[in-house]
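Take a look at the structure below.
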Amino acid sequence: MFQFDTLSVIFVALILLGTIPNLFYSYGYLPDIERKIHYQLHYFAFILSMLGVVVSANALVFLLFWELMSLTSWQLILTEAKEKKTIEAAKFYFIMTHFGFVFLLLFFLIVTDGDLEIGFAAMHGIASAFAYPTLLFFFLILGFLSKAGAVPLHVWLPYAHPEAPSPVSALMSGVMLKVAIYGMFRFLFDVLYPWPLEWGIVILVIGALSSLVGVLYALSEHDIKALLANHSIENIGIILMGFGMGMIFDSMHLKVLSSFAFIAALFHTFNHMSFKSLLFMGAGSVLHQTHTKNIEKYGGLIKSMPITALTFLLASISISALPPTNGFLSEWMIFQSMLGSSHLGNMSLKLAIPFAIFALAMTGGLAIACFVKAYGITFLGLHRSTNAKHAHEVNFLMRSGLILMALVVISLMLFTPFYIAWFDKGLVALGHLSVYDKIFPEGVLHMHSVSMHGGVVSPLILLAALIGVTALLMFAYKTLKVKERVHHTWGCGYRTSAKTQYTATGFAGPIRRFFNWLYKPEEHFCKETLAGHESKFSSSHYEVHVKPLFETSLYNSVSKVANAISYWVYRLSHFEQTRYAAMIFNLMLIVLFSYRIFAHTFSWATFVLEGIVMIISIKVLIIGDKK
């Protein structure tokens, strides 16, 4: 029923590292939650369900805890369901998570041959004998990537995460998404191994697209929690890029490079858990004090909320992959794994890998810009609203949660060799080669790439150098007694105020205009005139609203088609019962014919015969004679 192998223990540790600081933060946040019993019941059930998923030993237990994880997180989103958009977000999340569950159920029904109590190892033989392994692969990734939030199954994240209580947002984004990554590791290794090259390319391209789409939409967001939710899409994409490179190298029998890429993916999984949990907790603290998620209403909070500001800064630097943070190290490893593929001659790889390198490089640059905006507009400058002006630091328990999670981020940076050694053991247990000695051949001070012409980075030396230079400058500043002169900010002759500061909208303006074809923004500008003179105005207001491309082009279209089909079926069932019964009969024929194709050897002759039978049946029983 349960198993505790190395992979399970790694993800149990990830869940605990993300949960323990969150417990402190959650209890500090609890007084502001009205439905306390509802919240606590589902909160602890949610944590237990995630632990249950990663230690499950058969399909039945796995699916039980997976569904419990989905239902409890859905109820947690509804904890503070005072507004219609919260209910709509929860409904959207419920639909998307069960969309993925259907594909997981189909996957398990096939690979278990109907016996859901068999172990994962026993599924491998059944899956190997199945005639369409690529179908199993797509069932698997549709099931797990809908939960992980990869493109194009990502659309629920910017809705669900902002509406959930802040401790829940931190758990969902920091921890729950990684449980889906665990599922991919578990079943691609235990059930579907070995893989063809094309599977790895699919994962790599999905990862590259997810990283770009996530960071581009994060830049356009003014809701701080929606901004962070879009960055979850971005970082899931980065994890998938490392995962895809591992699959590609393994399919080409480059075992050392494969292990290196998989370790990079696992390392970034832990890193994203740490800094994204900390960011959501920091955003929750700001929301707790200002009662708004709109970044434009913040400003100057570094003075009144110093601990929140400092921890948010640490997480911002890490998610921006600036050296020598843990975020930089894992992204450096993923870069090195892709750059180590230069000798591969496959044409598909010559297209996919350069695109992934471009996506990762562009994602890194845009992420820095996004968090300069998020941190600068939120914590620096003048107060932009009365609520921001009167904000103060959060209570002791919430501060404790922030500090504990900051220590997790720092530990991943300072003890990188320990974590990599642990991930290396996990991959050895899955049948891969150990590469720890190749990554640290000269000790823990120097971190090497395992590719032929790979690079070297020294994070601890770099960190020590940064601390030393900073300390030297501070010493010189104190010793030389540098005089300070305070001057008013020059604003081109105008009086400086909160209204003359850069806004989040203005900061993202150049990038938004460059990607206008993607954003398709709706701009709203209004001004209050003086005595009817349009050339003079006392105040003005400018807003930009961006509609997600996938939502407008894909999901809305699918929704319209589904509504049209459902209306057609409704009319048949109520007004044309004979044709409705005939349609049910033909659907049963399709299911039976499909089962024969999937369960037995494919035959073109039988397929054509059955197709003719279906066409005749549909023509005679459903369409009928035209009058």
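Of the residues VAL215, VAL175, VAL202, VAL179, the single one that is in a helix (DSSP H, G or I), over 16 Å from the mean Cα position of the chain (by Cα) and in contact (Cβ under 8 Å) with a residue 60 or more places away in the chain is VAL202.
Considering the conditions (1) in a helix (DSSP H, G or I); (2) outside the structural domain of GLY364 (by TED's automatic domain parsing), GLU221 is excluded by exactly one of them, (1). Against the condition touching a residue at least 24 places away in the same chain (Cβ under 8 Å) and under 29 Å from SER341 (Cα atoms), how does ALA264 come out, does it pass? Here the answer is yes, as ALA264 does meet what is asked. Test PHE607 against the criterion of being part of a helix (DSSP H, G or I), modelled with pLDDT under 75 and within 30 Å of PHE107 (Cβ to Cβ), and give yes or no. Answer is yes for this residue. All of (1) touching a helix residue (DSSP H, G or I) at 6+ places or on another chain (Cβ under 8 Å); (2) of a type outside the set (Val, Ile, Thr); (3) surrounded by fewer than 13 Cβ atoms within 10 Å (Cβ to Cβ) hold for ARG495 with one exception: (1). Among the residues of segment 461-503, which ones are in contact with a strand residue (DSSP E or B) (Cβ under 9 Å, 6 or more places away or on another chain) and not hydroxyl-bearing (Ser, Thr, Tyr)? Matches in segment 461-503: LYS499 only.
Residues that are surrounded by fewer than 16 Cβ atoms within 10 Å (Cβ to Cβ) and of a type in the set (A, V, I, L, M, F, W, C) within segment 445-462 comprise LEU445, MET452, VAL456, ILE461, LEU462, listed in sequence order. Of all the residues in segment 368-393, those that are part of a helix (DSSP H, G or I) and under 16 Å from ASP223 (Cβ atoms) number 9.
Checking GLY149, GLY114 one by one, the residue that is assigned by TED's automatic domain parsing to the domain that holds PHE185 and within 30 Å of GLY174 (Cβ to Cβ) is GLY149 and no other. In segment 382-396, how many are surrounded by fewer than 11 Cβ atoms within 10 Å (Cβ to Cβ) and either assigned by TED's automatic domain parsing to the domain that holds LEU30 or touching a residue at least 12 places away in the same chain (Cβ under 8 Å) (or both)? Going through segment 382-396 one residue at a time, the tally reaches 2. Among the criteria (1) surrounded by 22 or more Cβ atoms within 10 Å (Cβ to Cβ); (2) farther than 30 Å from TYR182 by Cβ; (3) among the aliphatic types (A, V, I, L, M); (4) at pLDDT 90 or above, the one LEU402 does not fulfil is (2). Checking PHE46, PHE4 one by one, the residue that is closer than 30 Å to ALA429 by Cα, assigned by TED's automatic domain parsing to the domain that holds PHE189 and not in a helix (DSSP H, G or I) is PHE4 and no other. Determine which member of the set ALA508, ALA582 is modelled with pLDDT of 70 or more, more than 24 Å from the chain's Cα centre (by Cα) and surrounded by 12 or more Cβ atoms within 10 Å (Cβ to Cβ). Result: ALA582 is the single residue among ALA508, ALA582 that is modelled with pLDDT of 70 or more, more than 24 Å from the chain's Cα centre (by Cα) and surrounded by 12 or more Cβ atoms within 10 Å (Cβ to Cβ).
Would you confirm, using the coordinates I've provided, whether HIS533 is of a type outside the set (Phe, Trp, Tyr), modelled with pLDDT under 70 and farther than 30 Å from LEU227 by Cα? Judged against the criteria, HIS533 is a match. If you go through segment 255-266 and keep only what is closer than 13 Å to PRO194 by Cβ and surrounded by fewer than 24 Cβ atoms within 10 Å (Cβ to Cβ), you end up with just LYS255. When restricted to residues that are in contact with a Phe, Trp or Tyr (Cβ under 6 Å, 6 or more places away or on another chain) and either farther than 20 Å from PHE101 by Cβ or of a type in the set (Phe, Trp, Tyr) (or both), segment 51-88 contains 2.
Scanning segment 470-513 for residues that are closer than 27 Å to LYS297 by Cβ and among the polar types (S, T, N, Q) yields THR489, THR496, SER497, THR500, GLN501, THR503, THR505.
Counting just the residues of segment 26-69 that are surrounded by 21 or more Cβ atoms within 10 Å (Cβ to Cβ) and among the hydroxyl-bearing types (Ser, Thr, Tyr), which one comes out nearest to VAL111 (Cα to Cα)? Top of the filtered list is SER56. Residue under question is TYR436, and the condition is that it be among the hydroxyl-bearing types (Ser, Thr, Tyr) and over 24 Å from LEU171 (Cβ atoms); does it hold? Spelling it out, TYR436 is indeed among the hydroxyl-bearing types (Ser, Thr, Tyr) and over 24 Å from LEU171 (Cβ atoms). For PHE575, the requirement of being modelled with pLDDT under 75 and over 30 Å from PHE92 (Cβ atoms) is met.
Taking the criterion of being aromatic (Phe, Trp, Tyr), farther than 22 Å from PHE4 by Cβ and at pLDDT 90 or above, the residues of segment 100-133 that qualify are PHE101, PHE103, PHE107. Among the numbered criteria (1) out of contact with any His (no Cβ under 6 Å at 6 or more places or on another chain); (2) surrounded by fewer than 21 Cβ atoms within 10 Å (Cβ to Cβ); (3) at pLDDT below 90, which single criterion is violated by GLY340? Against the list (1) out of contact with any His (no Cβ under 6 Å at 6 or more places or on another chain); (2) surrounded by fewer than 21 Cβ atoms within 10 Å (Cβ to Cβ); (3) at pLDDT below 90, GLY340 comes up short only on (2).
The values are calculated or read from the model by the stated rules, or taken from the named source; none is laboratory data. Owing to the predicted nature of the structure, the values given are computational and were not obtained by experimental measurement. Every residue, glycine among them, receives a Cβ derived from its backbone with ideal geometry; neighbour counts consider all protein chains shown.
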